[in-house]
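Shown next, in structure tokens, is the structure this report addresses.
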Amino acid sequence: MQVITKPDTIREIIKGVKKKGMTVGFVPTMGFLHEGHLSLIRRASLENDFVVVSIFVNPLQFGVGEDFERYPRDLERDRELARSAGCDLLFVPSSKDMYPQGYATFIDVERLTEGLCGASRPGHFRGVTTVVAKLFNLVSPSKAYFGQKDAQQALVLKKMVTDLNMDLDLIVLPTVREPDGLAMSSRNQYLTSEERKEATVLYKSLLLAKELVESGEKDTHVIRKKMGEVICTAKGAVIDYLEIVDTKELKPLDLINGQCLVAVAVKFGTTRLIDNIFVEV
Ligand code: AMP
């Protein structure tokens with residue numbers, strides 16, 4: 001497995017790979033890899049001849065006062081994990097190379113970015129779409145892999161791919177969870193042992209929503225209230241949002257009719273966790 005830091009170098013390598021007629025699969029990450037990331041890399045490795053993984057803690061998608069500086073980083077460990085999951089090329093660019101002095105071009109997907117994480121983290125998705133578009137241009141994959149854990153991000157990126165006529169398949173894979181249901185996240189690292197125990201309320205609340213819907217409850221206000229009660233059993237939990245939205249435009253629903261997305265964001269101290277599930281009547 002090669003480790004490359006320079007954008008120009010990766011372009012050259014990809015050119016060579018494509019000349020040989022090989023397909024390129026791509027998994028963008030911010031590193032500190034866990035089973036969630038590895039599930040994407042393994043799938044990419046099954047479905048493509050050559051797999052590129054990027055590790056870039058993208059400053060553009062962090063707001064003022066967020067965790068950019070303290071975001072966990074461990075390249076040595078990531079390198080071994082990526083390699084063993086089937087990565088052929090690890091791309092680890094610097095911020096200076098991604099956003100040189102005078103950088104001025106940004107991508108904004110409208111509407112879909114207004115609610116949920118977009119409302120709590122202004123500018124976040126502009127950072128995500130901009131960096132992912134740049135990475136897509138450098139790697140030119142035929143398939144790119146993302147996690148359902150970041151449901152809004154996946155939808156926003158799909159919209160970008162469609163709207164900008166990008167020539168690739170965006171594949172979304174299921175959320176990988178810890179045995180107690182907590183969605184794997186590099187940010188789980190921040191939790192104290194007490195917070196880690198309490199963090200299971202996110203998934204518990206989502207499962208309750210699913211149960212309620214399956215037993216015939218359609219009123220989202222009732223469901224959200226009951227979910228809120230589950231989350232509040234954790235003393236350290238502060239709800240950022242708790243929404244039931246349609247799966248196309250991510251608009252809040254009053255009544256469940258068809259498939260919808262139940263999405264939560266909860267803070268434990270300075271750590272903000274997100275999770276979601278689809279439910280359907
Ligand atoms: P990140 O490094 O957190 O930016 O995540 C990189 C990619 O891994 C994104 O597509 C995420 O949605 C995906 N991902 C993160 N956590 C999980 C998880 N627990 N299960 C599946 N995919 C995940």
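A few comments on the model shown:
- In summary, residue 63 fulfils each of the numbered conditions (1) in contact with a Gly (Cβ under 9 Å, 6 or more places away or on another chain); (2) of a type outside the set (Asp, Glu); (3) more than 22 Å from residue 124 (Cβ to Cβ); (4) away from the ligand (no atom under 13 Å from the Cβ) with the single exception of condition (3).
- Meets criteria (within 16 Å of the ligand (Cβ to nearest atom), assigned to a helix (DSSP H, G or I) and either farther than 25 Å from residue 24 by Cβ or in contact (Cβ under 8 Å) with a residue 12 or more places away in the chain (or both)) for residue 131: yes
- The set of residues in segment 17-39 that are in contact with a Pro (Cβ under 8 Å, 6 or more places away or on another chain) and more than 9 Å from the ligand (Cβ to nearest atom) comprises 24, 25, 26.
Listed here are the residues, each with its yes/no results for (1) assigned to a helix (DSSP H, G or I); (2) open to solvent by 60 Å² or more (accessible area, probe 1.4 Å).
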| position | (1), (2) |
| --- | --- |
| 153 | yes, no |
| 156 | yes, no |
| 165 | no, yes |
| 170 | no, no |
| 181 | no, no |
| 195 | yes, no |
| 204 | yes, yes |
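- Single residue of segment 129-142 satisfying the filter (of a type in the set (Ser, Thr, Tyr) and farther than 19 Å from residue 115 by Cβ) that is surrounded by the fewest Cβ atoms within 10 Å (Cβ to Cβ): 142
- Considering residues of segment 44-60 that are touching a Lys or Arg at 6+ places or on another chain (Cβ under 9 Å), in contact (Cβ under 8 Å) with a residue 40 or more places away in the chain and open to solvent by 20 Å² or more (accessible area, probe 1.4 Å) only, the residue nearest to the ligand (Cβ to nearest atom): 60
- Within segment 229-238, not a single residue is touching a residue at least 60 places away in the same chain (Cβ under 8 Å), surrounded by fewer than 16 Cβ atoms within 10 Å (Cβ to Cβ) and part of a loop (DSSP other than H, G, I, E, B).
- Residue within segment 143-151 that is open to solvent by 60 Å² or more (accessible area, probe 1.4 Å) and either touching a residue at least 12 places away in the same chain (Cβ under 8 Å) or within 19 Å of residue 264 (Cα to Cα) (or both) present: no
- Look at segment 88-104: where a residue is surrounded by fewer than 18 Cβ atoms within 10 Å (Cβ to Cβ) and a partner is of a type in the set (Lys, Arg), sitting 6+ places away or on another chain with Cβ atoms under 7 Å, you get 97/6.
- Every listed requirement among (1) of a type outside the set (Gly, Ala, Ser); (2) part of a loop (DSSP other than H, G, I, E, B); (3) under 19 Å from residue 271 (Cα atoms) is met by residue 117 save one, (2).
The values are calculated or read from the model by the stated rules, or taken from the named source; none is laboratory data. These numbers come from a predicted model, not from an experiment. As a convention, Cβ positions derive from the backbone with ideal geometry for all residues, glycine included, and neighbour counts pool all protein chains shown. For accessibility, only protein heavy atoms count, side chains too; no ligands or nucleic acids. Shrake-Rupley method; radii C 1.70, N 1.55, O 1.52, S 1.80 Å.
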